[in-house]
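Right, one structure below, let's go through it.
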Amino acid sequence: MEISGEPKDPLLSLARAAARGDREAQRTLLVSIGPALLTTVRGMLGVRHPDVEDVLQDAMEAVYRALPGFRAECRTVHFACRVAVQTALNARRSARYREQRTPSTAHDALVERASDEQSPAEARAAAERREALRRLLDELPVAQAEVLALHVVLGYSVDETAAATGAPRDTVRSRLRAALGALRTRVDQDCVLLEILRGSA
């Protein structure tokens, strides 16, 4: 399924060749989608989380394993990023991740989005909001967490999220509503989270 207004998938023929076991196509595809996968994993874990490289490698392997089932209902990069979201969500929920979590997220995330327009305090507050969202994703049902991550963390439109997940648009909207409702309830019950997510308001 092509998203209306989007150009034809430039990686589709490469993905199909890679799915057939073409080693050169696999290497070229990896180079092409690697930056998007890294951005996805960093968005899900935090840019300097100690598991980023391991989860990125796991995501790349998961993409290769999933390629034979890719039906081109979305663009190749969206398919790959969905696999990376699933891989990162699994990593976040694993005992290994919980054991290795560090308290340095707010400091490290200054590197994540620091810009000339942000003061250190603003960058730190933005970092805290992102980490709060990541923690809340851990508590949602997987299907809801997945669409929320694609829509909010990666900035996919509802149509892009529907294409990437293979779910009908109305189902994606329903999952987003449920996820956002659960997050609001969770935040309303936690004054610290509420303050973080409100930011500078």
Taking interchain pairs and intrachain pairs at least six residues apart, which have beta carbon atoms under 9 angstrom, with the first residue in the range 33-57 and among the basic types (Lys, Arg) and the second surrounded by fewer than 24 Cβ atoms within 10 Å (Cβ to Cβ) and modelled with pLDDT of 90 or more? ARG42/VAL52; ARG42/LEU56; ARG48/ARG42
Residue count, the range 14-32, condition β-branched (Val, Ile, Thr) and in contact (Cβ under 8 Å) with a residue 60 or more places away in the chain, comes to 0
Hits in the range 134-152 - residues which are surrounded by fewer than 20 Cβ atoms within 10 Å (Cβ to Cβ) and among the hydrophobic types (A, V, I, L, M, F, W, C): LEU136, VAL142, ALA143, VAL152
Given (1) among the acidic types (Asp, Glu); (2) modelled with pLDDT of 75 or more; (3) farther than 20 Å from THR40 by Cβ, where does GLU117 come up short, assuming only one miss? (2)
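Just one of ALA80, ALA19 is under 23 Å from ASP138 (Cβ atoms), surrounded by 15 or more Cβ atoms within 10 Å (Cβ to Cβ) and of a type in the set (Gly, Ala, Ser); which is it? Can you show your working first?
Values: ALA19 fails: under 23 Å from ASP138 (Cβ atoms).
On inspection, the qualifying residue turns out to be ALA80.
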Filtered residues of the range 163-182 (kept if of a type in the set (Gly, Ala, Ser) and either surrounded by fewer than 17 Cβ atoms within 10 Å (Cβ to Cβ) or modelled with pLDDT of 95 or more (or both)): GLY166, SER174, ALA178, GLY181
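The values are calculated or read from the model by the stated rules, or taken from the named source; none is laboratory data. This is a predicted model, so every value here is computed, not measured. Every residue, glycine as well, gets a Cβ built from its backbone with ideal geometry; the counts of neighbours run over all protein chains shown.
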